[in-house]
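S.K.: The structure that follows is given in the form of structure tokens.
The values are calculated or read from the model by the stated rules, or taken from the named source; none is laboratory data. Everything numeric here is computed off the predicted structure, so don't read it as measured data. Glycine gets a Cβ as well: all are built from the backbone with ideal geometry, and neighbour counts include every protein chain shown.
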Amino acid sequence: MWHELFLTPFLTGLALAVLLPVLGSYLRLRDEWLAALAYSHVAAAGALLALVAGLAPALGGLAAAGLAGATRRLFSRRLSGGAADALLLSGGWALAVLLAANHPLAERLGHALFDGQLYFADAGQLGLAVGGGALALFALRRLSRHLLLARIYPDFFRLRGVQAWPIAVGFDLLAALCLALATMILGVMGAFSLVFIPPWLAFRRAANWRAGLRLALAIGALGYLGAFALALALDQPFGPVLTILLVMLGLIVA
Amino acid sequence: MTCLLRAQGLVAGWQQPATQPLDLTITAGEVVGLTGPNGVGKSTVLAAIAGRAKVFAGRLERAPGIRLGLQTQDVPPVVGMPISGRELLALTDATPTGLPPWLADRLDIRLDCLSGGQRHYLTLWAVLQAPADLLLLDEPTNNLDQAGVAHLTAHLRERAENGSGLLVVSHDAAFVGAVCDRVIELGAGDVA
């Protein structure tokens, strides 16, 4: 019974708890952590829009976030200081709330997206989280040196005659798709807390980059395990429990 | 000697011309100093050679296939990031061999836990020791104490003897005198 009810959601969330802190470390490196929240809101709006249009919400969420990730760089050139992310976040939130307010089915899904619906994760989502997560981690490993160089020595690519934009756009797209997937499963704030808090703590404590990635991953995974057990024991929604646990951990460690 | 860079009547700038016309040649194994008062566009010339700033007039020719290295006065944003000196050097394929002893044993410490001078020298070293045929250095002695300047001077001479060309912008007259084979003074005045 436990197996049927909880093992699939548990493993689905665990896969994301491993992926998101690592992804968040690179978002923090690039000073783009706000983009994570923007992608989550855009994914929520896209999922609701797809539902209203009679399409699969998951596809709508992934498509909307993917579009935002692929085109974000066009806006951020003109809208500096994080304004592009703030506008995406605000626009995504407004559209999602309006859709939820005007369509009964969208209202139900809207609640699920913002609160998190981990316990309803099915085998398809488990496959996406494990397969997509493994692919994303592999891509991040390949991109890691380029992302670090682009941040610390931004002229390096120009001097070597290498175009930097494919790496930047590729990373944006990867981050957007990962956040869309995580939003569908963990909810907006559950996904954001795993992307933001573990890397924030790891950046303060770790001795080097590799140790920072390991520490972020450990904090994310431990926080997830604790939150999963706590939410079940107290019969509370998972997303807020995870977020409160990570916030408390952050305040204590920081 | 192999000519690495040739500029004739080069006028560089960002939105508009910001330098007087400059003639410049750098050959392999040569260290050329570029001096002049603040605001004459020394850093802009380096930026134009590196492809960051615009060339408004004149010609700028680089030897085909040469690899450039550029050190700017911008401080790499490493504060708050868990990046060690060893990781920094690995990023640019720079070797730690030859680092001064006061830095060699601090490679595994986070960059933002080092002193300003130590951090500057390590970020400079990551550029100096990266594979490059022509190095462009902008005020490399900033933040360095006497020991740092002496080590840098010796290293740049060694780098030139091994065949690299160097263009060095600096206000430090003693350093320029010690390290450069010749010096070009960029003139002030109205920009055409």
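S.K.: Quick one: which of B:VAL183, B:VAL191 is at pLDDT below 90, aliphatic (A, V, I, L, M) and surrounded by fewer than 20 Cβ atoms within 10 Å (Cβ to Cβ)?
M.R.: Result of the check over B:VAL183, B:VAL191: B:VAL191.
S.K.: Kindly indicate whether B:VAL32 is surrounded by 17 or more Cβ atoms within 10 Å (Cβ to Cβ) and farther than 20 Å from A:ARG158 by Cα.
M.R.: Answer is yes for this residue.
Per-residue answers, yes or no, for (1) away from chain B (no Cβ under 14 Å); (2) at negative phi; (3) touching a residue at least 60 places away in the same chain (Cβ under 8 Å):
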| position | (1), (2), (3) |
| --- | --- |
| A:ASP122 | yes, yes, yes |
| A:GLY131 | yes, yes, no |
| A:ALA136 | yes, yes, yes |
| A:SER144 | no, yes, yes |
| A:ILE152 | no, yes, no |
| A:GLN163 | no, yes, no |
| A:ASP172 | yes, yes, yes |
| A:ALA176 | yes, yes, yes |
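S.K.: Still on this model: Within region B:35-67, how many residues turn out to be in a loop (DSSP other than H, G, I, E, B) and either crowded, with 18+ Cβ neighbours inside 10 Å or within 11 Å of chain A (Cβ to nearest Cβ) (or both)?
M.R.: Result for region B:35-67: 10.
S.K.: On to the next question. Please go through (1) among the charged types (D, E, K, R); (2) touching a residue at least 12 places away in the same chain (Cβ under 8 Å); (3) within 12 Å of chain B (Cβ to nearest Cβ) for A:ARG158 and return the number of the only condition it doesn't satisfy.
M.R.: Unmet condition: (2).
S.K.: Also: Given (1) under 22 Å from B:GLY80 (Cα atoms); (2) more than 14 Å from the chain's Cα centre (by Cα); (3) among the β-branched types (Val, Ile, Thr); (4) more than 10 Å from chain B (Cβ to nearest Cβ), where does A:VAL195 come up short, assuming only one miss?
M.R.: Answer for A:VAL195: the failing condition is (2).
S.K.: If the Cβ limit is 8 Å and pairs must be 6+ apart or interchain, which residue in region B:109-129 that is within 11 Å of chain A (Cβ to nearest Cβ) pairs with which residue that is among the aromatic types (Phe, Trp, Tyr) and assigned to a loop (DSSP other than H, G, I, E, B)?
M.R.: So the pair list comes out as B:ALA126/A:TYR153; B:VAL127/A:TYR153.
S.K.: Does region B:80-95 contain any residue that is over 22 Å from A:ALA211 (Cα atoms) and either more than 17 Å from the chain's Cα centre (by Cα) or within 11 Å of chain A (Cβ to nearest Cβ) (or both)?
M.R.: no
Residue-wise test of (1) assigned to a helix (DSSP H, G or I); (2) surrounded by fewer than 18 Cβ atoms within 10 Å (Cβ to Cβ); (3) not aliphatic (A, V, I, L, M).
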| residue | (1), (2), (3) |
| --- | --- |
| B:PRO77 | no, yes, yes |
| B:PRO82 | no, no, yes |
| B:THR97 | no, yes, yes |
| B:ALA130 | no, no, no |
| B:LEU135 | no, no, no |
